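The values are calculated or read from the model by the stated rules, or taken from the named source; none is laboratory data. Remember, it's a predicted structure, so these values are computed and weren't measured experimentally. Note that each Cβ is placed from the backbone with ideal geometry, even for glycine, and that neighbours are counted across all protein chains shown.
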Amino acid sequence: MVRAYIGLGSNLGDRLAYLRGAVRGMAEVGKIVAISSLYESSPVGYTDQPWFLNAVIALETEASPESLHRHLLKLEKATGRERPFPNAPRTLDLDILFYGDLVIDRRELTIPHPRLHERAFVLVPLLEIAPGLRHPTLHETVRELLAALGDVSAQLLQIAGPEWATGEG
């Protein structure tokens, strides 16, 4: 079993329903061992779009990185995800942030996610569930990566605890 960390995001349609569906869908390929709180965050890159809902989960899986990636793409497609241009609004965005300490750098799959260390909407929820996780190429912990960003309080707002994923609470 390998522990993978998956970033979840949505800013179109029923954002919460899409994220909850993604959590259920990921349980098909492994055991979800941690779920972060839910955050609302400002868009990055292309900023003329609605704010996102974001979270991170930890998944213990026997799926290969490629198989996991294909499964995540299938879940995105099921929500009607389109990719008209980089950083476009999306119904669902699922990214493999880490897959154990594996490093992959291919056109179709890059692990760790190449921009995770620049993104508060990834690092803040990841800090909740894996503060000591060390980036295999940058050699810094999640806590250290987040500290390097400085004050990120204007970029995201916690709107629910981990219960968001099940609708409880």
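Points worth noting:
- Filter result (outside any helix (DSSP H, G or I) and out of contact with any Ser or Thr (no Cβ under 7 Å at 6 or more places or on another chain)) within region 76-86: GLU82, ARG83, PRO84, PHE85, PRO86
- Scan of region 87-141 for residues that are part of a helix (DSSP H, G or I) and aliphatic (A, V, I, L, M), ordered by number: LEU116, ALA120, VAL122, LEU123, VAL124, LEU126, LEU127, ILE129
- Long-range neighbours under 6 Å by Cβ, at least six apart or interchain, first residue over 9 Å from LEU156 (Cα atoms) within region 31-53, second at pLDDT below 90 and assigned to a loop (DSSP other than H, G, I, E, B): GLY45/ASN87; TYR46/ASN87
- Unique residue being buried (at least 16 other Cβ atoms within 10 Å of the Cβ), in contact with a Leu (Cβ under 8 Å, 6 or more places away or on another chain) and small (Gly, Ala, Ser) when the list is ALA58, ALA130, ALA120, ALA63: ALA120
- Filtering region 1-54 to residues that are surrounded by 16 or more Cβ atoms within 10 Å (Cβ to Cβ) and of a type in the set (Asp, Glu) leaves only GLU40.
- The set of residues in region 6-26 being in a helix (DSSP H, G or I) and of a type outside the set (Lys, Arg) consists of LEU16, ALA17, TYR18, LEU19, GLY21, ALA22, VAL23, GLY25, MET26.
- Any chance GLY100 is of a type outside the set (D, E, K, R), within 17 Å of ARG3 (Cα to Cα), modelled with pLDDT under 95 and touching a strand residue (DSSP E or B) at 6+ places or on another chain (Cβ under 6 Å): no
- Considering the conditions (1) closer than 22 Å to ARG81 by Cβ; (2) buried (at least 18 other Cβ atoms within 10 Å of the Cβ); (3) within 12 Å of the chain's Cα centre (by Cα), ILE111 is excluded by exactly one of them, (3).
- Residues within region 69-99 that are surrounded by 14 or more Cβ atoms within 10 Å (Cβ to Cβ) and either in contact with a helix residue (DSSP H, G or I) (Cβ under 9 Å, 6 or more places away or on another chain) or under 20 Å from LEU123 (Cβ atoms) (or both), tallied: 17
- Put simply, of VAL44, VAL29 the only residue that is part of a loop (DSSP other than H, G, I, E, B) and touching a strand residue (DSSP E or B) at 6+ places or on another chain (Cβ under 7 Å) is VAL29.
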